[in-house]
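Everything below concerns the one structure shown next.
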Amino acid sequence: MLSSFLSLLLGIFAYRNYSTEKKYNNALSREKQRSEDLLLNILPAEVAEELKDNGVAAARHFENVTVLFTDFVNFTHASERMSPQQLIDELHFCFKAFDGIIGKHNIEKIKTIGDSYLAVSGLPAANANHAENVIDAALEINAFMNQRRQEIGEAAFEMRTGIHSGSVVAGIVGVKKFSYDIWGDTVNTAARMEQTSEPGKINISQTTYELVRNKFRCTYRGEVEAKNKGLLKMYFVEQ
């Protein structure tokens, strides 16, 4: 009788220990998944894996990528017509849509800079269709912005888009609030394409045009003066 009772007690203790350990492991697994999801929200998957395995992620040079820049026109003036919360809500609504669109086109979001949006195709994995993918995404983003204007009228932002193809260096910078970023003349030229674009237009460089000339209809703009770049050949993508 006593031995049966002791066996029962041992069984109860063993079950409680197993149940407690299982709950602990489940909680640990959930926290680990949250941490990994957060890391993947900041870094490309390949870079996140390298960082987890080695504690560092080496900077890399990518020879063939296409960079996308968007910027809202007269953003300061537009923001004066909104409350701070309305402004943030509208930015979030637009950038959330952009995130969804570029995700469908094999494009890596790099960051937002105020009201600008920076993304790139062709890294961290090479992609032969990097220029085509970016223009497809830019056309879809423009369509979204046009729809937004139909929905809320003049409260919607107007947007310029610039695209350029070439090489970049990519890597992680910082220790606190670190970020994955890209550098190089290609990034600067893409920014100039955006700055010399027009509201509602997708402005691409000669280099990008040569990559997509057989896939998209484009209108040659001639040589346009770009800050610190001189005269550059530019094209508008027909929509």
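The values are calculated or read from the model by the stated rules, or taken from the named source; none is laboratory data. None of the values given here were measured: they were computed from a predicted structure. In this analysis, Cβ positions are derived from the backbone assuming ideal geometry, glycine residues included, and neighbour counts consider all displayed protein chains.
In the set (1) touching a Lys or Arg at 6+ places or on another chain (Cβ under 8 Å); (2) assigned to a strand (DSSP E or B); (3) not small (Gly, Ala, Ser), ILE204 fails one condition alone, (1).
The rows are residues; the columns are (1) modelled with pLDDT of 90 or more; (2) under 21 Å from ARG213 (Cα atoms); (3) of a type in the set (Phe, Trp, Tyr).
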{"site": "PRO124", "(1), (2), (3)": "no, no, no"}
{"site": "GLU132", "(1), (2), (3)": "yes, yes, no"}
{"site": "ILE135", "(1), (2), (3)": "yes, yes, no"}
{"site": "MET145", "(1), (2), (3)": "yes, no, no"}
{"site": "GLU154", "(1), (2), (3)": "no, no, no"}
{"site": "ALA170", "(1), (2), (3)": "yes, no, no"}
{"site": "LYS177", "(1), (2), (3)": "no, no, no"}
{"site": "TYR180", "(1), (2), (3)": "no, no, yes"}
{"site": "THR186", "(1), (2), (3)": "yes, yes, no"}
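Determine whether the range 211-224 contains at least one residue that is assigned by TED's automatic domain parsing to the domain that holds LYS104 and in a helix (DSSP H, G or I). Yes, that holds for at least one residue.
Every test in (1) hydroxyl-bearing (Ser, Thr, Tyr); (2) within 15 Å of the chain's Cα centre (by Cα); (3) farther than 21 Å from HIS92 by Cα is passed by THR112 save one, and that test is (3).
The lone criterion from (1) touching a residue at least 40 places away in the same chain (Cβ under 8 Å); (2) surrounded by 17 or more Cβ atoms within 10 Å (Cβ to Cβ) left unmet by PHE178 is number (2).
Restricted to the range 1-116, the set of helices (runs of 4 or more DSSP H) holding at least 2 residues that are at pLDDT below 60, surrounded by fewer than 17 Cβ atoms within 10 Å (Cβ to Cβ) and not assigned by TED's automatic domain parsing to the domain that holds THR186 comprises 2-42. Considering only residues in the range 204-239 that are more than 18 Å from ALA191 (Cβ to Cβ) and among the aromatic types (Phe, Trp, Tyr), the one that is surrounded by the most Cβ atoms within 10 Å (Cβ to Cβ) turns out to be PHE216.
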